[in-house]
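Quick notes on the structure that follows.
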Number of protein chains: 2
Amino acid sequence: MSKKTTIYDIAKKLNITAATVSRALNGNPKISESTRQLVNETAKEMNYEQNKLAQALKSGKSYNVGVIVPRIDSNFFALVIRGIEEVLYAKGYHVIICQTHDQKKLEIQNINSLLNAQVDGVLMSISNSGSEENENFDRLLKKNVPLIFFDRKKDIDGISAVTIDDFKAGYEAAQHLINQGCKRIAHLSNNRKIQIFNNRYLGYKQAILDNGLEFDESLVIETASKVEEGSKATKILLDMEMPPDAIFSSSDFAALGAIQEIKSRGIRIPQDICIVGFANEPFTRFMELPVTSVDQSPLEMGRISAQVFLDEVDKGKKKIPNKQVVLNPELIIRKSSLKSEA
Amino acid sequence: MSKKTTIYDIAKKLNITAATVSRALNGNPKISESTRQLVNETAKEMNYEQNKLAQALKSGKSYNVGVIVPRIDSNFFALVIRGIEEVLYAKGYHVIICQTHDQKKLEIQNINSLLNAQVDGVLMSISNSGSEENENFDRLLKKNVPLIFFDRKKDIDGISAVTIDDFKAGYEAAQHLINQGCKRIAHLSNNRKIQIFNNRYLGYKQAILDNGLEFDESLVIETASKVEEGSKATKILLDMEMPPDAIFSSSDFAALGAIQEIKSRGIRIPQDICIVGFANEPFTRFMELPVTSVDQSPLEMGRISAQVFLDEVDKGKKKIPNKQVVLNPELIIRKSSLKSEA
DNA sequence: CTGTTAGCGCTTTCAC
DNA sequence: GTGAAAGCGCTAACAG
């Protein structure tokens, strides 16, 4: 390949200096219009393309932003990412996507890679298996790399977060089931060390108490956001002496597993058991029995997270209290929980 | 923030030179064991982390690899990416994921960004809306950046590709439907300028001809890989005077749309119409009526693509004929096409 | 308005 | 085995 052309090549050809070329290319106002034109034309002719690496080395900015999610093959995270991309691309940033597969080890590794890539910031949804320690996040903070949480967050000083009101979402889901006449509502939770899951649980619990129903802790099972795990947990529920008449799952995937298990036993949905999932994954809409679910406005969540990052980058060192953005959840009611119409 | 520590800081502290530190850190054999240890310890103490940017600038290698796919929220692409990551992470590379959303404009933009990030290579599945021109790919080749296609490829000199045998997949899908007794098999194709879609079509056609059935071109509709598009196309098919008794879709998403449309008309699957999809997306397994589909071993495809890239990087300038890897498709038979058992 | 100079952090030849 | 010095490509402070 022909060596890549640099500003020096352009400079030499034009008998000017590299600095001038650099300035012309970067729209520095003190450059004469004629020089600027000349440089731009020559640059085009010579197929010049800026070496961002050098620029990044010099400026300390890479214009790369890391996004860390548990997985990319869920519509929710895919859409959050899309929202982030939308906003960040427009500002000249590039987005590097990493998956943790809910493994602490990969989370650490990802942060390392991103740090190596000299990212200007990290937007992340923490992994499920996270320990209590925060050294990982501290490493970013110490390097003054802005860190923004979305969805699965942790309360850490100096870290902004964008979430939905998970308590409210849990409350509304349970209230809806109660309105349908359900009295023993089970809950497929997830690792409750993670706030969002705990909040969904708390909201669910509060609704039950507020309606004067009995709250039975044994109806709450922590399970991963996976189809098989949902089935497994549901087996336990259905085998109880007093099985539930509704299941509120904090994951659409687990809800799907629940539905499979329930149907396999010939139990009817929603007549015998109502189901509510979480995240409004497309399949909830497409299934033969559409599933009620909670929409988290992922696109919006992504856009806002990106905006929060941009704000932090701008303000630089100035210590401004970290922002906590809370979006409104929306319960999308479908057949799986409409006892009234079944 | 405390300024990041560099090899110079370490050097100063140890009264040696940065070059020595660099060598020690990089495992250069000519460094005494004692110095190496000292350097390593001090580096750890001082929280030293290598600045990959500088290293990249120097070496011309960024250890970043770009992966461009139409979308990330499909299980197929998500798994291909996972396969790629697996292999590449182990070699110290980092993976930057970009989406084209099947838009030519974004495809160009993505290539630009990746070029800016000085990626050492690009693995991609071309976008649907690609024109006939290849300038984009040429830009990569001119810069000697290895380009590997997977799944959606184009025949371009010097570009390796990893795909499945789409002709065979199409053939087997159609043959299976014929074995079930279907006689008028429709095909939801996709942009046939893209080889894989054309090959699936050709295989399907050949199976029909080989079995002495009538081939009716009007049963073939080009449609995007989307649920709604699948429904729309199916409307046309069902409204025909002689509607099909089977649909082979080159996309699971379109197949899902087809199923919805068919059911909404009270037509039975598989008794009246058999359905075969493509890509073995998880929902095909989870649906109440599990859908027959073609598995493309995405993990394997990703791993191999990554390996092909590594080989090309190694061989450097040497012109070696581009590799064309073809994997075997596997038809996963489920209820949606099992007339015999319905 | 443009040139000079230095340096971002690292690697690498060439000496000794 | 280690040091000195140059350079990857770009930008920015300082001159003029």
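The values are calculated or read from the model by the stated rules, or taken from the named source; none is laboratory data. Keep in mind that what you see is a predicted model, and the values were worked out from it rather than measured. Heads up, the Cβs are rebuilt from the backbone with ideal geometry, glycines too, and the neighbour counts pull from every protein chain shown. For accessibility, only protein heavy atoms count, side chains too; no ligands or nucleic acids. Shrake-Rupley method; radii C 1.70, N 1.55, O 1.52, S 1.80 Å.
Worth a mention:
- Counting 0.36 nm for each residue step from residue A:44 to residue A:156 and taking away their Cα separation leaves a gain of 35.5 nm.
- Fully extending the segment from residue A:235 to residue A:342, taken as 0.36 nm per residue of separation minus the present Cα-Cα distance, adds 36.1 nm.
- Note on the protein assembly as shown: Kirkwood hydrodynamic radius from all Cα pairs is 27.7 Å, rounded to one decimal.
- Sorting B:221, B:96 by accessible area puts them as B:221, B:96; the probe is 1.4 Å, largest comes first, and only protein heavy atoms count.
- Taking θ as phi - 60° and the Karplus parameters 6.51, -1.76 and 1.60, the scalar couplings of region B:135-150 work out to 3, 4, 5, 4, 4, 5, 4, 4, 8, 6, 8, x, 10, 10, 9, 9 Hz in sequence order, x denoting glycine and proline.
- For residue B:27, the point set 7 Å out from Cα toward Cβ sits 4.6 nm from its twins in the other copies, listed from shortest up.
- Modelled spin-label separation between residue B:101 and residue A:112, with each label point placed 7 Å from Cα along the Cα-to-Cβ direction: 3.5 nm.
- Charge dipole of the protein assembly as shown about the Cα centre (unit charges at C-beta), most positive-ward option of B:227, A:212, B:237: B:227
- Gaussian network model of chain B, springs between alpha carbon atoms under 10 Å - residue of B:191, B:26, B:328 with greatest fluctuation: B:26
- Here the 3J(HN,Hα) profile of region B:110-117, calculated from phi with Karplus coefficients 6.51, -1.76 and 1.60 at θ = phi - 60°, is 4, 4, 4, 4, 5, 4, 4, 6 Hz, Gly and Pro shown as x.
- GNM result for chain A, Cα springs below 10 Å: residue of A:289, A:237, A:53 fluctuating most strongly: A:53
- Here region A:7-50 is treated as a Stokes sphere of Kirkwood radius computed over C-alpha pairs; at 25 °C and 0.890 mPa s its diffusion coefficient rounds to 247 µm²/s.
- Amide hydrogen neighbours beyond the local backbone of residue B:220, cut-off 5 Å, H modeled: B:187
- Cα-centred dipole magnitude for chain A, charges only on beta-carbon of K, R (+1) and D, E (-1), debye, nearest 20: 1620
- Ranked order, B:7, B:68 - accessible area, probe 1.4 Å, largest first: B:7, B:68
- Heavy-atom accessible area ranking, 1.4 Å probe, most first, across A:58, A:153: A:58, A:153
- Longest stretch of chain A clear of exposed loop sites (GluC sites (Glu not before Pro), DSSP loop, at most 14 other Cβ atoms within 10 Å, sites excluded): A:1-131.
- A 1.4 Å probe, protein heavy atoms only, puts the accessible area of residue B:205 near 60 Å².
- Normalised by residue count, region B:193-277 yields a Cα convex hull volume of 90 Å³ per residue.
- Comparing A:271, A:195, A:50 in a Gaussian network model of chain A where C-alpha atoms under 10 Å apart are linked, the largest mean-square fluctuation is found at A:50.
- For region A:55-66, 3J(HN,Hα) computed residue by residue from phi via the Karplus equation (6.51, -1.76, 1.60; θ = phi - 60°) reads 4, 5, 4, 5, 7, x, 10, 9, 6, 10, 10, x Hz, glycine and proline entered as x.
- Shortest-first distances to equivalent copies, position residue A:214, nm, label 7 Å out along Cβ: 6.8
- Fraction of alpha-carbon pairs over 20 Å apart in region B:126-268 - percent: 52
- Estimated [θ] at 222 nm from DSSP helical runs (n ≥ 4, -39500 (n - 2.57)) normalised by residues in chain B, nearest 500: -13500 deg cm²/dmol
- The C-alpha atoms of region A:115-155 occupy a region whose extents along the principal axes are 25, 19, 17 Å, arranged from largest to smallest.
- Charge dipole (Cα centre; +1 on Lys/Arg Cβ, -1 on Asp/Glu Cβ; no other charges) of the protein assembly as shown amounts to roughly 3000 debye.
- Whole-percent P(r), region A:236-342, all Cα pairs, 10 Å bins from 0: 13, 36, 21, 15, 11, 5, 0.
- Distant-in-sequence amide H partners of residue A:123 (H built 1.01 Å from N, under 5 Å): A:66, A:67, A:68, A:148
- Amide proton proximity set for residue B:95, modelled H, under 5 Å, gap of 5+: B:65
- Calculated label separations, residue B:12, copies of the chain, 7 Å along the beta-carbon direction, nm: 3.6
- Solvent-accessible area per residue for chain A (1.4 angstrom probe, square angstrom): 43
- Area projected by the alpha carbon convex hull of region B:124-181, averaged over all directions, nm²: 4.9
- Net charge dipole size for region A:1-86 [Lys, Arg +1 and Asp, Glu -1 on Cβ; Debye, nearest 20]: 360
- For region A:255-310, the fraction of alpha-carbon pairs in successive 10 Å shells from zero, as %: 21, 40, 20, 13, 6, 0
- In the complete set of protein chains, residue-level accessible area for residue B:240 is approximately 50 Å², probe 1.4 angstrom.
- Kirkwood-type radius of chain A, with distances r between different C-alpha atoms, in Å: 22.6
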